[in-house]
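Have a look at the structure below before the remarks.
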Amino acid sequence: MEKYYITTAIDYVNGAPHIGHAYEKILTDIIARHYTQRCDDVYFLTGTDEHGIKIQKTAAAQGITPKELCDMNSQKFKSAWKALDIDYTKFIRTTDEDHEKIVQKIFDKLLKQGDIYKHSYEGLYCQGCECFLNPKDLTEDGLCPDHLKKPEVVKEENYFFRLTKYKDTLIKYIKEHPGFIVPEFRANEVLNQLEDIQDISVSRAKSNVQWGIDVLSDSEQSIYVWIDALSNYITALGFDTETPCETFKKYWPADVHVIGKDILKFHSIYWPAFLMALNLPLPKHIFAHGWITIDESKMSKSLGNVISPTSVLESFNLEYPDAFRYYMASSAPCGRDGNYSDDDFKEKVNAHLANSMGNLLNRTLSMLVKYFDGEVKPEFKGENPLAKKALGSVQIVKNHFDNFEIAEASLEIISLVDAANKYVQDNAPWTLAKEGKMTECGQVLTNVLDIMCIICALIYPYCPNIAADMTRQLSFNLKTKLDDLTADNIKCGKLISKEDIKPVFLRVDSELADKSVKK
Ligand code: MSP
């Protein structure tokens, strides 16, 4: 694998980030970090989607300009991702000048080659979705099924993209590429939607929507959000309709677009059709994750249950975002909905990260210091009964990541931690020491520490700070590629002194959390 190009959806900036947005960025960051353990060149793109009627109206309601709203809220997303250790390569804003220029050129090219045409149209527009809805998709009461709001009737002369021209090629492509849409059960939904697809509006009248990129050849029209937003995946790399630059040639096509299930249609129908029209290769995978609910309810402003990711870190007084990252990433199987609850968060991270993983390292190192002054002797090295399970887990985790099964991979890691804990329990090194069987005792401890290095490498994408703390105590090189991992990681000699042993994860304090909830 030479390169890995991964992207997230770009978030609307009409509000601040919530844990649903965070879920996606965490999943993507974990996938990106996992692939840095397999390939030298990972490019991770995220950003904000800043044009459209929704942003125009929110700004007006707050008495500020759209640009002021975008600057303020885009910064909130950046700060949140910093707090969560989202290690992106580039943060794109659709108001970036170079993005706007290329979008205009893309639109112009499609217009000139006849893929875009002007057409008078009356349709039902949902501002929440920023798109026209098909009347047959509305609820019985005539509401948008996602936003439960009545769409407005819009009659305009707009530019349209000839989506119907690409219908058959798209159907064939999806059928012939089973891994294109992940999870696979969503491909059928997309194929159904494709059955009655129409040409789509790709511009809005300037008289109705001022906050958008101008159509180059028509000052009365602004480019409609989806063609603007989706193009970010190529403009960020420096795509140009004339001479695409080296970065673009190197990274395109994307290895995966990570998005929510609600915007799958735009990514698996509109975007591939735009790319076909531009004569560009299609992304390798579109991974549609599920939605995060709060205490099993949909997150919404009206229910007052919107949670910001940084407030979780603050209310649990977390030094690192690792526990939150771990919890979110393991909250739902691939593509399914997940749930956040304070109680479940406490229970899960205390059980997995503190009791199982953290304690295992702490106990093992403490015994090494107690019985051997922290030294690993050559006679402690030998056949490791945990090696087969551990190296098998590395392969299983890799396979899970290739299928975007991030929660499933975390379960495999915890099963390895459990196996190591059971091995300690079964072999009771404290009893061996009491009985004077010191070599056997040292072997058990060394076997566990060797496996702890593998656990550390596997948990790193989820918990980069905890992994760094673990590597310091194990003198392990976290840059080791997954394929180079062996079961022989601990060097002989003095490994650690008593004062250097530190718990890598302290139990989440329930009192603190309870207080914050009452606040
Ligand atoms: N701007 C568009 C995406 C354009 S991509 C070229 C958009 N923005 S959004 O802010 O509404 O959503 C951004 C991402 O966050 C989407 O992938 C969406 O599915 C995801 N989520 C928004 N709320 C969510 C949850 N409650 N749970 C999980 N993900 C959620 O759509």
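The values are calculated or read from the model by the stated rules, or taken from the named source; none is laboratory data. What you see is a predicted model; the values in this text were computed from it and never measured. Note that each Cβ is placed from the backbone with ideal geometry, even for glycine, and that neighbours are counted across all protein chains shown. Side chains included, ligands, DNA and RNA excluded: accessible areas come from the protein's heavy atoms. Shrake-Rupley method; radii C 1.70, N 1.55, O 1.52, S 1.80 Å.
Pairs only if they're at least six apart or on different chains, beta carbon under 6 angstrom, first in region 261-288 and over 22 Å from Asn403 (Cα atoms), second open to solvent by 10 Å² or more (accessible area, probe 1.4 Å) and not aromatic (Phe, Trp, Tyr); list them, first residue then second. Filtered contacts from region 261-288: Leu275/Leu282.
For region 204-257, the set of residues classified as away from the ligand (no atom under 14 Å from the Cβ), polar (S, T, N, Q) and crowded, with 22+ Cβ neighbours inside 10 Å consists of Gln221, Ser222, listed by residue number. In region 241-255, the residues that are under 15 Å from Thr7 (Cα atoms) and in contact (Cβ under 8 Å) with a residue 60 or more places away in the chain form Cβ pairs under 8 Å with partners that are in a loop (DSSP other than H, G, I, E, B) and open to solvent by 50 Å² or more (accessible area, probe 1.4 Å), at six or more places apart or across chains, as follows: Trp252/Pro281; Pro253/Pro281; Pro253/Lys284; Ala254/Lys284; Asp255/Lys284. When residues of region 431-443 are filtered for being open to solvent by less than 10 Å² (accessible area, probe 1.4 Å) and free of Cβ contacts under 8 Å to residues at least 40 places away in the same chain, how many remain? So the answer is 0.
Among the residues making up region 22-35, those that are within 17 Å of Ile259 (Cβ to Cβ) and either out of contact with any Gly (no Cβ under 9 Å at 6 or more places or on another chain) or polar (S, T, N, Q) (or both) are Ala22, Lys25, Ile26, Leu27, Thr28, Asp29, Ile30, Ile31, Ala32.
Quickly run through region 77-92 and pick out the residues that are surrounded by 15 or more Cβ atoms within 10 Å (Cβ to Cβ) and assigned to a helix (DSSP H, G or I). Result: Phe77, Lys78, Ala80, Trp81, Ala83. Taken over region 390-410, the residue count meeting the criterion of being open to solvent by 10 Å² or more (accessible area, probe 1.4 Å) and either among the aromatic types (Phe, Trp, Tyr) or without any contact (Cβ under 8 Å) to a residue 60 or more places away in the chain (or both) is 6.
Annotation: of all residues in region 16-45 being β-branched (Val, Ile, Thr) and surrounded by 21 or more Cβ atoms within 10 Å (Cβ to Cβ), the one that is nearest to the ligand (Cβ to nearest atom) is Ile19. Number of residues in region 258-279 that are open to solvent by 30 Å² or more (accessible area, probe 1.4 Å) and either over 30 Å from Ser341 (Cβ atoms) or more than 8 Å from the ligand (Cβ to nearest atom) (or both): the value is 3.
Any residue at all in region 116-134 that's at pLDDT 95 or above and surrounded by fewer than 16 Cβ atoms within 10 Å (Cβ to Cβ)? Let's see the steps before the verdict.
Of the residues in region 116-134, the ones at pLDDT 95 or above are 116-117.
Now drop any that are not surrounded by fewer than 16 Cβ atoms within 10 Å (Cβ to Cβ), which leaves 117.
Within region 116-134, one or more residues are at pLDDT 95 or above and surrounded by fewer than 16 Cβ atoms within 10 Å (Cβ to Cβ).
Contact map, region 135-162: first residue under 18 Å from Ile263 (Cβ atoms), second residue in a helix (DSSP H, G or I), Cβ cut-off under 8 Å, separation 6 or more or different chains; pairs are Pro145/Asp137; Asp146/Asp262; Phe161/Leu110; Phe161/Ile227; Phe161/Tyr270; Phe161/Ala273; Phe161/Phe274; Phe161/Ala277. For region 57-76, a residue qualifies if it is surrounded by fewer than 20 Cβ atoms within 10 Å (Cβ to Cβ), touching a residue at least 60 places away in the same chain (Cβ under 8 Å) and more than 20 Å from the chain's Cα centre (by Cα), and exactly one does: Lys57.
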